[in-house]
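Inspection log for the structure reproduced underneath, given as structure tokens.
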Amino acid sequence: MFFNRIEARFAKIALRDIAGEHTYQMLWAKAHNIASYLQEARANKPLQGERVAFQALPTADYVAMLWGTWLAGGVAVPVSLSYPAPEVVYLLNNAQASYWLVSEAYLPLVQALEGQHEAEVIDIQIFADYAPTSLPISLPTPDLPALMIYTSGTTGKPKGAVLTHENLQSQVKTLVEAWEWAIDDHILHVLPLHHIHGVVNVLLCGLAVGATIDFLPKFEAKEVWKRFVERDYTLFMAVPTIYNRLIEAWEHSTEVERINYSHAVGKMRLMVSGSAALPTKTLDIWRKISRHFLLERYGMTEIGMAISNPLRGVRKAGSVGLPLAGVQVRLVGEAGELIDLPEIAGEVQVRSKNIFKAYWGKPEATAESFTADGWFKTGDVARRDSEGYYYLLGRNSTDILKTGGYKVSALEVEEVFLQHEQVAECAVVGVPDETWGDKVVAVVVWKDTIHAPTAGELREWAKQFLAPYKVPMEIKTALALPRNAMGKVVKKEVVQQIL
Ligand code: MCA
Ligand code: AMP
């Protein structure tokens, strides 16, 4: 899908990044070089599913690393740009990465991690004057693993969700058809490139149809508005927190700017929101600003996009819409009963070709995430109205939080906090918040209140081990945590106490 007949769009601009414009031909050539290099070290044989971790700013280098890995038969493992050293080491070792491709900005990190992993480091600068000795490229087969995305769960550290080429092609095909992606589409990309939202929904869909993608190095609301005015974008996709930030910036703009901003977004053909619940208030204000009724959809790392409001047809506020073509969705009650009637809550379960193959190296966790009859258990709870539209109500687990569109495991954060010498007990919870969705808050019982660190000190300490977005925004102190008869912390009570 990405490479078939790519020659037909060679001359077209595929990407704009900080370095300038890149045609499809330029991307292809760069990817080709990387693939040749990777295969040279394997006697010109494909990598056969070896993992290639890679880290690059949102630039043509990122796409070249992704495509190059695929052309060499490897599994692409994008690494978050905000991970501190221990998270990167965990990922490289957990993925058993053969290679770690990096652009210049990550060389200090590479140096700091020397000796802590087995991956061979490839500094992408070498490709500036590299001439491939052969052209041993063959297109990957559909059943070959293509992409591994790390995602937090209810147990332990993040797991690598393995998606095959068939999964990705099916996900892209679903969205291209549902949202009518086309070659003349033009999108501003502001999302991180280690999650499905930024990788599949925006980047891969765009590249598959020959559209043009403008990368913004870092999300900044004012800059996004400026770009909207400067360029003729047709599409935009983001998480609710980003729409909230854009609203805030619009409200703090001059009268003339507001008119220009609203005019610019009004010309787009589609604006999509997802990854976390879109508050009705945000939907309403955005509608006034842009004349767009944001298209809300629902997805997950393991399943891609499953449910979406329609491009044409009725979009309902507060609803994530209807199952996408080729995706089967059902609701299941607590006793395992199938829910047929409207307005009754149950767990969302999904079956489709879009669904991931496995958690890397975790056959038991993989098996547990499916029912005996092959439906993926999302852990999300929803109801359906009489017209079949789904409304998400919450999650089965209070330990999975969504902050600014990022999934955070409360247990993973607690585990880190408990390593601090002054922390006796700790409970990490999500508090409802208009901007962030769940605001992550840690409630800590100190060993010794006199020597306890300040909230700021504890947060800075935690950033050595956790990506900054996982570090709780607030730290509260308690004398004890509410526990049930079994001694387990009752998270709902913790939330009640701090509200
Ligand atoms: C940044 N910070 C955060 C978050 N983002 N803290 C909690 N939650 C966050 N999401 C921290 C920063 O480290 C910093 O900490 C402080 O907040 C302020 O940073 P700021 O510069 O204001 O934030 P930002 O860098 O502008 O980031 C906000 C953001 C970003 C643009 C909304 O969070 C973002 O890109 N979110 C999108 C995530 C996403 O794409 N999720 C999709 C995965 P300090 O002050 O301590 O330094 S879900 C998915 O793929 C599924 C399939 C789906 O359905 O889509
Ligand atoms: P992730 O595993 O990071 O891909 O996050 C997937 C989770 O994000 C889902 O299981 C949902 O809990 C949540 N999610 C995604 N889209 C929406 C949405 N439109 N509304 C509410 N929650 C959402």
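The values are calculated or read from the model by the stated rules, or taken from the named source; none is laboratory data. Since the model is a prediction, treat every value here as computed from it, not as a measurement. Because the Cβ atoms are built from the backbone with ideal geometry, glycine has one as well, and the counts that use them run over all protein chains shown.
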* Taking residue 488, is it more than 25 Å from residue 332 (Cα to Cα), among the basic types (Lys, Arg), surrounded by fewer than 19 Cβ atoms within 10 Å (Cβ to Cβ) and modelled with pLDDT of 95 or more? -> no
* Asked: Any idea which of 46, 58 is at pLDDT below 95, crowded, with 20+ Cβ neighbours inside 10 Å and in a loop (DSSP other than H, G, I, E, B)?
  -> 46
* residue 290: among the hydroxyl-bearing types (Ser, Thr, Tyr), over 17 Å from the mean Cα position of the chain (by Cα) and within 16 Å of ligand 1 (Cβ to nearest atom), yes or no? -> no
* Asked: Has segment 133-143 got at least one residue that is within 24 Å of residue 357 (Cβ to Cβ) and among the polar types (S, T, N, Q)?
  -> yes
* Among residues of segment 105-134, those that are small (Gly, Ala, Ser) and under 19 Å from residue 52 (Cα atoms), counted -> 3
* **Filtered residue count, segment 381-439, keeping only those that are among the basic types (Lys, Arg), over 21 Å from residue 321 (Cα atoms) and more than 12 Å from ligand 1 (Cβ to nearest atom)** => 0
* Asked: What are the residue pairs meeting all of these: first residue in segment 387-414, first residue among the small types (Gly, Ala, Ser), second residue away from ligand 2 (no atom under 12 Å from the Cβ), Cβ atoms under 7 Å, and 6 or more apart or on different chains?
  -> 388/322; 404/241; 404/436; 405/241; 409/399; 410/399; 410/428; 410/429
* Please work out if residue 371 is of a type in the set (S, T, N, Q), farther than 24 Å from residue 86 by Cα, away from ligand 2 (no atom under 12 Å from the Cβ) and under 21 Å from the mean Cα position of the chain (by Cα). => no
* Asked: Could you say whether any residue in segment 346-354 is more than 30 Å from residue 249 (Cβ to Cβ), at pLDDT 95 or above and over 21 Å from the mean Cα position of the chain (by Cα)?
  -> yes
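Select from segment 444-476 the residues that are under 30 Å from residue 393 (Cα atoms) and more than 27 Å from the chain's Cα centre (by Cα) and write down the one among them that is surrounded by the most Cβ atoms within 10 Å (Cβ to Cβ).
The residue in question is 444.
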* Inspect segment 7-16 for any residue being among the aromatic types (Phe, Trp, Tyr), over 30 Å from residue 469 (Cβ atoms) and surrounded by fewer than 23 Cβ atoms within 10 Å (Cβ to Cβ) and give the result as yes or no. => yes
* Asked: In segment 160-198, what residues are out of contact with any Ser or Thr (no Cβ under 8 Å at 6 or more places or on another chain), under 24 Å from residue 227 (Cα atoms) and of a type in the set (D, E, K, R)?
  -> 180
* **When residues of segment 293-314 are limited to those that are more than 16 Å from ligand 1 (Cβ to nearest atom), of a type outside the set (A, V, I, L, M) and within 22 Å of residue 173 (Cβ to Cβ), the one nearest to the chain's Cα centre (by Cα)** => 310
* Any chance you could count how many residues in segment 84-108 are in contact with a strand residue (DSSP E or B) (Cβ under 9 Å, 6 or more places away or on another chain), at pLDDT 95 or above and assigned to a loop (DSSP other than H, G, I, E, B)? => 4
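Is it the case that segment 445-464 has a residue that's within 25 Å of residue 347 (Cβ to Cβ) and in a strand (DSSP E or B)?
Among the residues of segment 445-464, not one is within 25 Å of residue 347 (Cβ to Cβ) and in a strand (DSSP E or B), which makes the answer no.
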* Return only the number of the condition from (1) buried (at least 23 other Cβ atoms within 10 Å of the Cβ); (2) closer than 19 Å to residue 144 by Cβ that residue 91 does not satisfy. => (2)
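Please verify whether residue 266 is within 28 Å of residue 174 (Cα to Cα) and more than 16 Å from ligand 2 (Cβ to nearest atom), treating the condition exactly as stated. Reasoning before the result, please.
Working: within 28 Å of residue 174 (Cα to Cα): yes; more than 16 Å from ligand 2 (Cβ to nearest atom): yes.
In short, yes.
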* Since residue 412 meets every condition but one in (1) in contact with a strand residue (DSSP E or B) (Cβ under 8 Å, 6 or more places away or on another chain); (2) surrounded by 16 or more Cβ atoms within 10 Å (Cβ to Cβ), which condition does it not meet? -> (1)
* To do: For residues that are outside any helix (DSSP H, G or I), away from ligand 2 (no atom under 15 Å from the Cβ) and of a type in the set (D, E, K, R), scanning just segment 274-321, find the one that is nearest to residue 177 (Cα to Cα).
  => 312
* Please state which one of 154, 174 is assigned to a loop (DSSP other than H, G, I, E, B) and among the β-branched types (Val, Ile, Thr). => 154
* Asked: Do we have residue 160 as within 25 Å of residue 89 (Cα to Cα) and either assigned to a loop (DSSP other than H, G, I, E, B) or without any contact (Cβ under 8 Å) to a residue 60 or more places away in the chain (or both) here?
  -> no
* Structure fact -> Exception for residue 198 within (1) in contact (Cβ under 8 Å) with a residue 24 or more places away in the chain; (2) surrounded by 20 or more Cβ atoms within 10 Å (Cβ to Cβ); (3) part of a helix (DSSP H, G or I) falls at (1)
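Of the residues 407, 439, which is more than 21 Å from residue 88 (Cα to Cα) and under 22 Å from the mean Cα position of the chain (by Cα)?
439
Within segment 212-243, count every residue that is in contact (Cβ under 8 Å) with a residue 40 or more places away in the chain and either closer than 26 Å to residue 298 by Cβ or away from ligand 1 (no atom under 13 Å from the Cβ) (or both).
Matching residues across segment 212-243 total 19.
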* Structure fact -> The correct count of residues that are farther than 20 Å from residue 127 by Cα and without any contact (Cβ under 8 Å) to a residue 60 or more places away in the chain in segment 49-84 is 1
